[in-house]
Amino acid sequence: VPPLDQKVECGFVTVPEDRTAAGSATIRLHIAVVKSKSLDAASDPVVYLEGGPGAKALGLARLSFAPYYSPFLNNRDFIMFDQRGVGFSEPALDCPEYVAFSYDILDEGLSVNEATDGSVEAVERCRDHLLATGVDLRAYTSAESAADVNDIRVALGYDEWNLYRISYGTKLALTVMRNHPEGV
């Protein structure tokens, strides 16, 4: 969360997991809107596109908000969200199997091949677990995330907004501009 002196509105935007499949399951994207300090704020807020892919924008906000994003609040609202499969969005596609493997081998002195084989096995167990819970992994793409960005804009009622990005967020911004240029 941003610093406690900021007015923040949080919630979820529900979107289809797979927009190409009729009757697709839905997922929930966790959103935070930090309100501008200005009484005359511009009507086009800034939306932050996190890196990764897979970085948790909202989980890191407490550390990063004040130094990097608070200047935007002088004249615009600032919107952050956890992308599909990440952080507080639902479902979160965390891989405890891989994390546990990584910790388990810290003192093992494995060869590169052993570590690689173990990593692949852990990721495969994670994939199998996610598939067993009904997650459609094919729906977690940059194109779907770009459609999410547009759906968030529409759900929040903004005609236009500005994309602000880092790292993988740059690819996502380009995908939004290509697939959903309206409102950017």
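Only the Cβ atoms of Lys and Arg (+1) and of Asp and Glu (-1) were treated as charged; on that basis the dipole of region 1-116 about its Cα centre amounts to roughly 680 debye. Judged by the mean number of other Cβ atoms found within 10 Å, the most tightly packed of the peptides 52-60, 91-99, 146-154 leads the ranking 146-154, 52-60, 91-99.
Karplus-based coupling profile of region 127-135, in residue order and whole Hz: 4, 4, 5, 5, 4, 5, 8, x, 6, with θ = phi - 60° in 6.51 cos²θ - 1.76 cosθ + 1.60 and x standing for Gly or Pro.
Using the average count of surrounding beta-carbon atoms within 10 Å as a protection proxy, the listed peptides 13-26, 75-88 rank, highest first, as 75-88, 13-26.
The alpha carbons of region 71-118 give a radius of gyration and a Dmax of 18.7, 54 Å, in that order.
Pairs of Cα atoms nearer than 8 Å and 6+ residues apart set the relative contact order; for region 43-136 it is 25 percent. The P(r) of region 60-169 has a tail past 16 Å containing 71 percent of all C-alpha pairs. Computed log10 I(q)/I(0) for the chain at 0.10, 0.14 Å⁻¹: -0.46, -0.82, from the Debye equation with unit scatterers placed on every C-alpha and solvent omitted. Can you give me the angle between helix 168-179 and the longest principal axis of the chain, using Cα atoms only, in degrees from 0 to 90, rounded to the nearest 10? Once rounded, one gets 60 degrees. Near Leu49, the amide H atoms lying under 5 Å from its own belong to Tyr164, Arg165, Ile166; only residues 5 or more places off or on other chains count, and H is placed 1.01 Å from N. In the chain, the calculated helix contribution to ellipticity at 222 nm averages -10500 deg cm²/dmol per residue, counting -39,500 (n - 2.57) for every DSSP H run with n ≥ 4.
Within the straight-line cut-off of under 25 Å between alpha carbons, the lysines reachable from Lys35 are Lys7, Lys56, sequence neighbours fewer than 8 places apart in one chain being disregarded.
For the chain, the relative contact order comes to 26 percent (Cα pairs under 8 Å, sequence separation of at least 6).
Bear in mind that the values in this text are calculations on the coordinates, not laboratory data. Computed from a predicted structure; not experimentally measured. Note that we place each Cβ from the backbone using ideal geometry, even for glycine, and neighbour counts take in every protein chain shown.
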